[in-house]
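This report refers to the structure that appears directly beneath it.
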Amino acid sequence: MVATSARGVRAAVFAVALLVGPAAAQPGPGAGVAERLLAVKQAALDAGAPADAGRAALALAKLHVERAERAIGGELLDWGLTVAGEVSAAEQALSWSRDGKPPHDGVVGRNLTFAYEAANDKSVQPYFLYVPNGYEPGVDTPLVVYLHGWIPETSKLLPWLVQPSVDTLCDRYGFLFLQPHGRGNTDFQGPGELDVLTAIDEVCALYSVDRDRIYLAGNSMGGYGAYCIGLHHPDRFAALSAACAQSDYFVWYGLDRPTVPHFKRRMLEVSNPVDLMPNARNLPILIQHGSADPLVPPAHAHIADKKLTELGYDHELHIVQAGRHEIYFEDSFFTRLFDYVRGRTRAHAPPRVTYVTYSLDYADAYWVTVVGIERWGDPARVDAQAEAGRIAVTTDNTTAIELRLDQAPVGDGDVTVIWNGETVSQGPRPEDGIVRATRGEGPGPLRKRPGACGPIRSVLDSPFLCVFGTGPGAGARDPLLAAFSLDWWSFCEGMPWVHRESVAGWAPEWAVSDQWVQDADIATRNLVLFGRPEQNQVLARMAADLPIKFVDGGYEIAGRPYVGDNLGLWFCYPNPLAPGRMVLSISGRQWGDGFVLVSRADHKYDLMPDFILFDDQHDPDDTNRYLAAGFFDSTWRFGDVDTRDAPAGER
């Protein structure tokens, strides 16, 4: 199958890069082009950290170097991509960087390639922008952000992009048109979601974007991504559009929700569109679907429409009669999209805000912030209504909130705040204009907070460093580190490609030994620690302060021992050596060896909560069979633990 071969080639090139450096032994371009490639790569490494405008151009130079080397290595590539062309593009971008210029300055009427360096894993990621004819710097211009669908071949060398006729429509409507790469086939979750938000910020820094007219849209996987990102961040967008998209993962996977283990149910709900629909109170939504879609049943469009109708929210459903999955290849599809969003502006100071979240990483909407969650894993709900001099807030599973009065329609005088029927603030405004209210949660030395609240996948959203042990059975060739690195690369093309000389076979920005971890690394980066304390001395330094204990032949979780040579454990926790950062401990057997289908391999991290102990058997969803799993509470202590011997759906 093409899908398998594409992933296989990518993995093979990755393996060569680990062992001998990117494409080091590969034949390909003529000597002149090869020499230029080496020269521009070295120049990019020597460039340091240029100013903002030069920074974007340097990232683009590194992208073109990577694409040239990966093309030499034999990866599938876009028909128009050549090694010589990538080298020339890298040289041009490096010249812009040296001159302190942004990429493609003044170019209009073309689809342009840009790049940025990801903060979390130091990889360089592309995004693609069409700048319409008639664009004028300094004139605020609306921006359409369009998220692509799933195809297994998608990569930095073979991006999924819309048909050229959309350019003409953008000229007619006067839209900037951004297509994030989304790290490939991530469902626009985790690093994929960060990619979209970063690409938007990059475009806003380089072009005159009207931030009140940013529209988020997508098809298929991208439609699902538009739902999730838009509903996580409803105050960032003026409208949302999802086409041919899943709206309920439980329906998509054929799951009976009440019987799904609690931690898996909550991990699905955190990015399940139908569960987040209440967040669209002030965000208009266009739903498009083909009535004969054989890939994503049109029932998903009707599920979303029914939920939005029940809520009384502004939305529109358009079913293309006899339309199949690829309705987005028709210009009429984009015309409907552009007509729907044109003229809409982002809601400012809405009088009512409704917000549902499962994480403090998604905590803000308009003038409301969720600061504390009582039962981790369960949804926190807020409904806040404002009028002159008064705010009434109703919450569930919420222990602390903040209200930004300067962004709420409460007038200029005194304000009374009523929370669940009780007055919590009355009289003059606080000096900073923010009302803070807390219930049942006082200050403590260790609390979940944004960026440090789990689950496991979120540790990888911030800058992180892999640390392999040098103790018995460990080392730079640790199979857990190799498997994790290959999984991360296959999932989101997420390692530094253009880097200085490898140390023990790894890019120094990616992985170091426990003997080479610096105090600055501990203070500024999350640590992914491989092995047990007797193998990894960094883990040994903190083991006594971790809630999960390493015992002879196994582990102890919430006072219960688990012993066996077929066990594996992943868990996240604030770093006891630097509580502002996180650690992810990985030991025992490899996670995710049951994901054999290409379409499922992109979901290895989806169902991993704060901690999960597993064995070498597999559940029907392809994950390793869990023995104990769950979420820590708000103070990082054990809450409810899902165990294998509990009844289905219970803890």
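Quick look at the numbers
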| read-out | value |
| --- | --- |
| Verdict on residue 323 being crowded, with 17+ Cβ neighbours inside 10 Å, among the small types (Gly, Ala, Ser) and at pLDDT 95 or above | yes |
| Residues of the range 271-293 that turn out to be surrounded by fewer than 24 Cβ atoms within 10 Å (Cβ to Cβ) and modelled with pLDDT under 95, as a count | 0 |
| Residue satisfying condition, being surrounded by 19 or more Cβ atoms within 10 Å (Cβ to Cβ), in contact with a Pro (Cβ under 9 Å, 6 or more places away or on another chain) and either in a loop (DSSP other than H, G, I, E, B) or modelled with pLDDT of 95 or more (or both), within set 130, 146, 135 | 146 |
| Candidates 115, 119, filtered to the one that is crowded, with 24+ Cβ neighbours inside 10 Å and closer than 22 Å to residue 490 by Cα | 115 |
| Residue match in the range 93-101 (condition: more than 30 Å from residue 134 (Cβ to Cβ), acidic (Asp, Glu), at pLDDT below 95 and not assigned by TED's automatic domain parsing to the domain that holds residue 196) | no |
| Qualifying strands (runs of 3 or more DSSP E) (wholly inside the range 391-510; at least 2 residues being among the acidic types (Asp, Glu), touching a residue at least 12 places away in the same chain (Cβ under 8 Å) and closer than 30 Å to residue 187 by Cα) | none |
| Any pair with Cβ under 7 angstrom, 6 or more apart, that starts in the range 323-337 at a residue that is more than 18 Å from residue 297 (Cα to Cα) and ends at one that is hydroxyl-bearing (Ser, Thr, Tyr) | 331/165; 337/241 |
| Check on residue 305, acidic (Asp, Glu) and touching a Leu at 6+ places or on another chain (Cβ under 6 Å) | yes |
| Any pair with Cβ under 7 angstrom, 6 or more apart, that starts in the range 278-304 at a residue that is in contact (Cβ under 8 Å) with a residue 40 or more places away in the chain and of a type in the set (Val, Ile, Thr) and ends at one that is part of a helix (DSSP H, G or I) and buried (at least 24 other Cβ atoms within 10 Å of the Cβ) | 287/301; 287/304 |
| Which numbered condition residue 471 fails, given (1) in contact with a strand residue (DSSP E or B) (Cβ under 8 Å, 6 or more places away or on another chain); (2) over 30 Å from residue 115 (Cα atoms); (3) not basic (Lys, Arg) | (1) |
| Complete set of residues in the range 100-118 that are out of contact with any helix residue (DSSP H, G or I) (no Cβ under 8 Å at 6 or more places or on another chain), closer than 18 Å to residue 61 by Cα and assigned to a loop (DSSP other than H, G, I, E, B) | 104, 107 |
| Qualifying residue in the range 600-613 (condition: among the aromatic types (Phe, Trp, Tyr) and without any contact (Cβ under 8 Å) to a residue 40 or more places away in the chain) | no |
| Number of the exception - residue 317 against (1) without any contact (Cβ under 8 Å) to a residue 40 or more places away in the chain; (2) buried (at least 20 other Cβ atoms within 10 Å of the Cβ); (3) under 24 Å from residue 163 (Cα atoms) | (2) |
| Lone qualifier among 513, 462, 485, 502 - being in contact with a strand residue (DSSP E or B) (Cβ under 8 Å, 6 or more places away or on another chain) and over 30 Å from residue 362 (Cβ atoms) | 513 |
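The values are calculated or read from the model by the stated rules, or taken from the named source; none is laboratory data. The model shown is predicted, which means the values in this text are computed figures rather than measured ones. Neighbour counts run over all protein chains shown; Cβ positions are idealised from the backbone, glycine included.
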